[in-house]
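**Student:** Pasting in a structure now, in structure tokens, and then I'll have a few things to ask.
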Amino acid sequence: MSSLLRTCQKTTELIDKQMLTPLTLTEKAQLKAHKAMCKTCNAYAKQSKIIDSLLGKWFGSANATTQVKMDAEKKDSIIDQLDKQ
């Protein structure tokens with residue numbers, strides 16, 4: 001059971017990942033279990049969907065679910081900066 005319960009950091013990673021690729025069954029279960037008890041991660045999921053939708057509209061996308069991929073180096077740089085805060 002403890003493997004189903006993840007930290008908020010790992011849960012937000014899964015929330016973001018599900019917007020790009022399908023989650024495995026284990027990841028889906030972990031996400032659902034954590035969100036069942038964490039108001040913060042539920043709020044993060046809702047806000048992420050809103051932000052993605054608005055950015056899609058802002059950049060003139062006909063379909064707000066169109067995905068833009070960031071290169072791994074830039075992504076790692078952003079994560080490093082967030083970890084330092």
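The values are calculated or read from the model by the stated rules, or taken from the named source; none is laboratory data. What you see is a predicted model, and the numbers here were worked out from it, not measured in a lab. Note: ideal-geometry Cβ built from the backbone for every residue, glycine included; neighbour counts use all protein chains shown.
**Student:** Please work out if Q47 is farther than 21 Å from D76 by Cβ, part of a helix (DSSP H, G or I), modelled with pLDDT of 90 or more and within 13 Å of the chain's Cα centre (by Cα).
**Tutor:** Yes; evaluated as a whole, the condition is true for this residue.
**Student:** Limited to the stretch 38-53, what total is found for residues that are surrounded by fewer than 15 Cβ atoms within 10 Å (Cβ to Cβ) and of a type outside the set (G, A, S)?
**Tutor:** 7
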